Amino acid sequence: AWDETGKIWMDGKFVEWKDANTHVLSHVIHYGSSVFEGIRCYENNGKPAIFKLKQHVKRLFESAKIYKMEIPYSQKDIEEAIKETISINKLKECYIRPVSYRGYGSLGVNPTSSPVNTAISVWGWGSYLGEEALEKGVDVGVSSWRRMAPNTLPSMSKSGANYMNAQLAKLEAIENNYDECIMLDTEGFIGEGSGENIFLIKDDVIYTPSLSSAILKGITRDSIMELITTFDYELREEKLPREMLYLADELFFTGTAAEVSPIRSVDGIQIGNGKRGHITEEIQSKFFSIVEGKTEDTFNWLTYLE
Ligand code: PMP
């Protein structure tokens, strides 16, 4: 939940939650010109531990690079600012939202006369698709909305504007009483959820869509791929036809907010036995035991505070 007594980092200074505002004529409000990150900090043996801090900050800068948006800080500065924001808000476990955006300057489409502002907010955020979802799985539908076509809005940039596409699909999913959607790419291959990547398991092979299917290169996705290298299952990253969703033995979403969330049905078709599959459970439990500090962080995923 949001703690409105908290402090937000804005361009190098901490400001009160209620004062963390921007002008209505800021470029971002009109043209979606922002890039952002979602990062989780886990309580790990009593200490805050940030999941893949460096990789998230790097992706923020890469998202900005595509849009020629110059963030006037180094990646190290932003990493430090994130740590300070968690400390000053005295949180052990939180969601972290850095955002860089074209601010108040002028309102032509040309963004170069608007400053690039950066803010970092933190708050407690539980399981994104609901507490039960992690164990029981979610019901999803394939969206009638496709992911952005290649060379339109770059899906590898985590930009605010991309989430207009995600919102269309999410709204449709909710109207159809699904927990979440799966979007296909413009060719009809499996893409991703509105805020999650997807993995599927069939006949003991683990599959995930390749980057050519207009997906975000999810950092949880990368991490789960690292985890899978220690398993005896083959992992294939490729274009996947829609019907693989229905024929999968197991399906799960990955994402910072959604973590590792099993999917129990797609378009009303039951996946596997309609429960969290055993490979999904194994991946999920290894993931949580590392982030919560119950087993050694052999992949170096965590950055500890203090
Ligand atoms: N796809 C989309 C569209 C997302 O918004 C997210 C969440 N950032 C993901 C995938 C998962 O990415 P990550 O694991 O880096 O959070």
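For the reader, a short list of remarks on this structure follows.
- Number of positions in the stretch 179-211 that are closer than 21 Å to residue 276 by Cβ, crowded, with 19+ Cβ neighbours inside 10 Å and charged (D, E, K, R): 4
- Any chance residue 296 is acidic (Asp, Glu), modelled with pLDDT of 95 or more and not in a loop (DSSP other than H, G, I, E, B): no
- Answer from 137, 160 - the residue that is in contact (Cβ under 8 Å) with a residue 60 or more places away in the chain, on the phi > 0 side of the Ramachandran plot and not assigned by TED's automatic domain parsing to the domain that holds residue 57: 137
Residues checked against (1) assigned by TED's automatic domain parsing to the domain that holds residue 153; (2) under 23 Å from the mean Cα position of the chain (by Cα); (3) at pLDDT below 95:
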position: 1; (1), (2), (3): no, yes, yes
position: 24; (1), (2), (3): no, no, no
position: 65; (1), (2), (3): no, yes, no
position: 75; (1), (2), (3): no, yes, no
position: 78; (1), (2), (3): no, yes, no
position: 90; (1), (2), (3): no, no, no
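- Cβ pairs under 6 Å, 6+ apart, first in the stretch 102-127 and under 19 Å from residue 88 (Cβ atoms) and in a loop (DSSP other than H, G, I, E, B), second of a type in the set (Phe, Trp, Tyr) and at pLDDT 95 or above: 125/95
- Look at (1) among the charged types (D, E, K, R); (2) away from the ligand (no atom under 13 Å from the Cβ); (3) farther than 21 Å from residue 237 by Cβ and you find that residue 170 fails only one, number (2).
- In the stretch 62-102, the residue that is farthest from residue 47 (Cα to Cα) out of those that are of a type in the set (Ser, Thr, Tyr) and touching a helix residue (DSSP H, G or I) at 6+ places or on another chain (Cβ under 7 Å) is 101.
- Any hit, the stretch 181-191, residues being charged (D, E, K, R), out of contact with any helix residue (DSSP H, G or I) (no Cβ under 6 Å at 6 or more places or on another chain) and within 24 Å of residue 137 (Cβ to Cβ): no
- Qualifying residue in the stretch 201-210 (condition: among the aliphatic types (A, V, I, L, M), within 15 Å of the ligand (Cβ to nearest atom), at pLDDT 95 or above and in the same structural domain as residue 259 (by TED's automatic domain parsing)): no
- Of all residues in the stretch 212-246, those satisfying the criterion of being part of a loop (DSSP other than H, G, I, E, B) and either of a type in the set (Val, Ile, Thr) or surrounded by fewer than 21 Cβ atoms within 10 Å (Cβ to Cβ) (or both) are 215, 217, 229, 230, 231, 232, 233, 239, 242.
- Residues satisfying the stated conditions in the stretch 5-34, i.e. surrounded by 13 or more Cβ atoms within 10 Å (Cβ to Cβ) and under 16 Å from residue 122 (Cβ atoms): 6, 7, 8, 9, 10, 14, 15, 17, 20
- Pair list, Cβ under 6 Å, 6 or more apart: the stretch 46-59 residue within 14 Å of residue 122 (Cβ to Cβ) and hydroxyl-bearing (Ser, Thr, Tyr), other residue assigned to a strand (DSSP E or B) and more than 9 Å from the ligand (Cβ to nearest atom): none
- Across the stretch 215-245, the qualifying residues are those that are among the hydroxyl-bearing types (Ser, Thr, Tyr) and within 16 Å of the ligand (Cβ to nearest atom), and the one among them that is farthest from residue 162 (Cα to Cα) is 223.
The values are calculated or read from the model by the stated rules, or taken from the named source; none is laboratory data. Because the structure is a prediction, the values reported are computed rather than measured. Glycine also receives a Cβ, built like all others from the backbone with ideal geometry; neighbour counts cover every protein chain displayed.
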